[in-house]
1. Quick one: Arg123 ticks every box in (1) under 14 Å from Ile35 (Cα atoms); (2) surrounded by 12 or more Cβ atoms within 10 Å (Cβ to Cβ) except a single one, so which number is it?
2. Is there any pair with a first residue in the range 69-86 that is free of Cβ contacts under 8 Å to residues at least 24 places away in the same chain and a second that is exposed (fewer than 10 other Cβ atoms within 10 Å of the Cβ) and not in a helix (DSSP H, G or I) whose Cβ atoms are under 6 Å apart and which are 6 or more apart or on different chains, and what are they?
3. Identify, from the list Ser129, Ser75, the residue that is at pLDDT below 95, polar (S, T, N, Q), surrounded by 11 or more Cβ atoms within 10 Å (Cβ to Cβ) and in a helix (DSSP H, G or I).
4. Which of (1) modelled with pLDDT of 95 or more; (2) assigned to a helix (DSSP H, G or I) does Lys45 not meet, given it meets every other one?
5. With (1) of a type in the set (Asp, Glu); (2) free of Cβ contacts under 8 Å to residues at least 60 places away in the same chain; (3) under 20 Å from Glu43 (Cα atoms) as the list, and Glu117 as the residue in question, which single condition is left unmet?
6. I'm checking my understanding of the structure. Among residues of the range 57-68 that are in contact (Cβ under 8 Å) with a residue 24 or more places away in the chain and polar (S, T, N, Q), which one is nearest to Val108 (Cα to Cα)?
7. Within the range 100-114, identify whether any single residue is touching a Gly at 6+ places or on another chain (Cβ under 8 Å), surrounded by fewer than 16 Cβ atoms within 10 Å (Cβ to Cβ) and either among the aliphatic types (A, V, I, L, M) or at pLDDT below 95 (or both), and answer yes or no.
8. Hey, does the range 86-105 have a residue that's among the β-branched types (Val, Ile, Thr) and under 19 Å from the mean Cα position of the chain (by Cα)?
Amino acid sequence: MSYNQAFQAYQQNSVATASPGELTLQLYNGCLKFIKLGREAMENKEIKAKNENLQKAQNIITEFMLTLNPDYEISGQLMPLYDYINYLLRQANINDDVAQLDEADQMVRELRDTWKEVIKLDRQNKYASGAQA
């Protein structure tokens, strides 16, 4: 098995065995990766690569918007944030605006970091509950 095949198998396994929270974290990380790649392409005047990567980032944000559960109060707070991030990504792509791209990156980074903390606290609570049982 070649290195690329092994890496692809690892990636597929990490997605297949991830909890919903871990999948969300992977999506945030993917979004940040595509923003970074889009920024690099923008700086190098690679229009096609910029557009492809920023659209991938937008697709992830759109997926977050579509999967928000309206039964939870936090959804009403997240929807405008996701909508604004999508707007920033779109405008950055259209206008080659690094400042808007950086703002979107910062917002996604903060959401990702918050999500990391949620996962960490959830794990701590599960282990604490398991130790008491």
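The values are calculated or read from the model by the stated rules, or taken from the named source; none is laboratory data. On a predicted model such as this, the values are computed, not experimentally measured, just so you know. Cβ: placed from backbone, ideal geometry, glycine included. Neighbour counts: every protein chain shown.
1. (1) is the only condition that Arg123 fails.
2. Ser75/Asn69
3. Result: Ser75 is the single residue among Ser129, Ser75 that is at pLDDT below 95, polar (S, T, N, Q), surrounded by 11 or more Cβ atoms within 10 Å (Cβ to Cβ) and in a helix (DSSP H, G or I).
4. The number of the failed condition is (2).
5. Single failed check for Glu117: (3).
6. Ranking the candidates gives Gln58 first.
7. Scanning the range 100-114, I find no residue that is touching a Gly at 6+ places or on another chain (Cβ under 8 Å), surrounded by fewer than 16 Cβ atoms within 10 Å (Cβ to Cβ) and either among the aliphatic types (A, V, I, L, M) or at pLDDT below 95 (or both), so the answer is no.
8. The answer is yes, given that some residue of the range 86-105 is among the β-branched types (Val, Ile, Thr) and under 19 Å from the mean Cα position of the chain (by Cα).
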